[in-house]
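Working notes, beginning with the structure itself.
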Amino acid sequence: MLFPDSRGRRLRANDNFRRMIRETKLSRDDLILPLFAIEGKSVKKPIDSMPGHFQMSCDHIVDTAKKAQEAGLPAIILFGVPDKKDALATRAYSSDSIVQKAVRAVKEQVPELTVITDVCLCGYTDHGHCGVMDKGIIDNDASLDLLARTALSHVEAGADMVAPSDMMDGRVAEIRQTLDEDGFSHIPIMSYAVKYSSAFYGPFRQAAESAPKFGDRKTYQMDPGNSLEAVREATMDIEEGADIIMVKPALSYLDIIYRLKTEIDLPIAAYNVSGEYSIMKAGEMMGWVDARKLIMETLISIKRAGADLILTYSAIDVARELNE
Ligand code: PBG
């Protein structure tokens with residue numbers, strides 16, 4: 001039907017009409033809040049590049065976890081800033097390390113909140129790469145066992161789900177096998193299956209103190225020009241036992257989210273990464289944009305593209321706004 005019989009504006013005329021025909025709605029059920037845990041007591045150190053976010057000792061992590069739960073969020077994802085880095089990323093998988101302690105603290109004091117852990121070595125190796133090095137090269141296969149041990153130690157501490165973000169080949173299978181052998185076949189894996197090599201991770205690397213000391217992550221993270229490869233990576237991880245497939249970053253990769261939504265049948269998570277958050281916050285500090293509205297609009301776009309879950313640094317604020 002053509003104009004004047006058809007008029008698109010009729011159903012945009014008032015807020016009730018708009019609410020009634022809105023196709024995509026954001027829910028607090030969709031949101032996961034990332035938090036950065038650091039050793040110490042009463043530590044709450046602002047992350048300059050991520051206004052509103054902090055490196056927090058376990059007591060503050062627990063306080064924020066409580067706020068997340070009160071706001072109605074289902075889950076948080078924990079990253080650790082360890083006290084010591086070495087060639088074998090030892091603090092990634094020792095039972096008394098920071099993530100393990102933070103998991104235990106949250107599960108003890110906010111037991112109903114789901115705790116996911118990021119599984120990677122970059123914050124724990126002295127060179128800052130996501131796997132171990134052998135003669136200047138990141139050794140894929142030698143990293144797998146350490147990643148699996150890291151995942152296992154998180155789950156032993158009480159993590160409800162693990163999320164490997166290292167991009168080594170074969171790590172989902174290795175983690176699945178290790179968890180199954182140790183009695184954790186019920187613990188799901190959310191795989192950062194489709195993770196691009198991105199400048200949008202800049203602020204996070206300051207937050208997690210995990211920037212590579214030399215080189216970049218292009219030999220393991222994906223090239224931004226590729227889309228078919230995303231399908232391949234997702235398919236491989238599904239075959240290896242992933243339960244949720246993540247795309248990261250989100251905003252420059254909405255086509256990838258959409259493509260995977262139509263081509264695979266697992267839930268899809270999208271990571272609205274640090275750079276996406278910081279750019280909006282910076283724009284707001286300049287007085288140029290309304291970050292609150294930008295965040296809502298971008299989260300809706302990520303969901304509309306096909307994401308079932310969104311990891312976002314704005315999760316608490318957004319959940320509170322949705323509750324109003
Ligand atoms: C660790 C990891 C990174 C992020 C999540 N897990 C950084 C990286 O790959 O360098 C980025 C998250 C963000 O930017 O918000 N490998």
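Express as a percent, rounded to the nearest 5, the fraction of DSSP beta bridges in region 25-323 (both residues included) that run antiparallel. Bridges in region 25-323 that DSSP calls antiparallel: roughly 15 percent. Between Ser42 and Asp139, full extension at 0.36 nm per residue minus the direct alpha carbon distance yields a gain of 31.1 nm.
Every helix of 4 or more DSSP H residues in the chain counts as -39500 (n - 2.57), and over all residues that averages to -12000 deg cm²/dmol at 222 nm. When Rg and Dmax are taken over the Cα atoms of region 34-104, they come to 12.5, 40 Å. With both residues required to sit in region 68-168, DSSP beta bridges show an antiparallel share near 20%. With all protein chains kept in place, the per residue accessible area of region 25-323 amounts to 40 square angstrom at a probe of 1.4 angstrom. The heavy atoms of His127 present about 20 square angstrom of accessible area, all protein chains included, probe 1.4 Å. The dipole here belongs to the chain: it is taken about the Cα centre, uses +1 on the Cβ of Lys and Arg and -1 on the Cβ of Asp and Glu, and is about 1460 debye. Counted residue by residue at 0.36 nm each, then reduced by the alpha carbon distance between them, the extension gain from Ala282 to Arg9 reaches 94.8 nm.
Mind running the shape call on region 203-306? Use the C-alpha gyration tensor, a ≥ b ≥ c as the square roots of the eigenvalues: rounded below 1.5 for a/c, prolate if a/b tops b/c, oblate otherwise. Don't skip to the answer; put the middle values down first.
On the way: a/c = 2.41, a/b = 1.33, b/c = 1.81.
Oblate shape, in that a/c is at least 1.5 and b/c is the bigger or equal ratio.
Under the simplified labelling scheme, the Asn226-Asp86 pair shows an inter-label distance of 3.4 nm, with each label point 7 Å from Cα along Cα→Cβ.
What pairs from Lys41/Lys107; Lys66/Lys213; Lys195/Lys261; Lys85/Lys261; Lys41/Lys293; Lys44/Lys101 go past 27 Å between their alpha carbons? Walk me through the numbers on the way to the answer.
Working: Lys41/Lys107 18 Å; Lys66/Lys213 35 Å; Lys195/Lys261 16 Å; Lys85/Lys261 38 Å; Lys41/Lys293 35 Å; Lys44/Lys101 16 Å.
Those over the limit are Lys66/Lys213; Lys85/Lys261; Lys41/Lys293.
What does a probe at Gln177 reach in region 123-142, counting residues whose amide N is under 16 Å from the point 7 Å along Cα→Cβ? From region 123-142, the list is 140-142.
What shape does region 185-241 take by its C-alpha gyration tensor, where a ≥ b ≥ c are the square roots of the eigenvalues and a/c under 1.5 counts as rounded, a/b above b/c as prolate, and the rest as oblate?
It is oblate, given that a/c is not under 1.5 and a/b is not larger than b/c.
Taking the alpha-carbon centroid of each part, what is the distance from region 1-36 to region 52-92 in angstrom? Using only Cα atoms to place each centre, the spacing works out to 35 Å.
Taking the accessible area of the chain, probe 1.4 Å, and keeping the other protein chains in place, the carbon and sulfur fraction comes to 52%. Within the chain, what's the longest stretch lacking trypsin sites (Lys or Arg not before Pro) that sit in DSSP loops with no more than 14 other Cβ atoms inside 10 Å? Between exposed loop sites, the widest span is 219-324. At a Förster distance of 22 Å, what's the computed FRET efficiency of Asp29 paired with Glu297, Cβ-Cβ distance as r, to 0.05? Computed FRET efficiency for Asp29 and Glu297: 0.70.
How large is the Kirkwood hydrodynamic radius of the chain, in angstrom, based on all distinct alpha carbon pairs?
20.3
If you plug the beta carbon distance of Asp169 and Asp265 into 1/(1 + (r/R0)^6) with R0 = 22 Å, you get a FRET efficiency near 0.45.
The values are calculated or read from the model by the stated rules, or taken from the named source; none is laboratory data. In this text, all values refer to a predicted model and were calculated from it rather than measured experimentally. Heads up, the Cβs are rebuilt from the backbone with ideal geometry, glycines too, and the neighbour counts pull from every protein chain shown. With ligands, DNA and RNA removed, areas are computed over all heavy atoms of the protein, side chains included. Shrake-Rupley method; radii C 1.70, N 1.55, O 1.52, S 1.80 Å.
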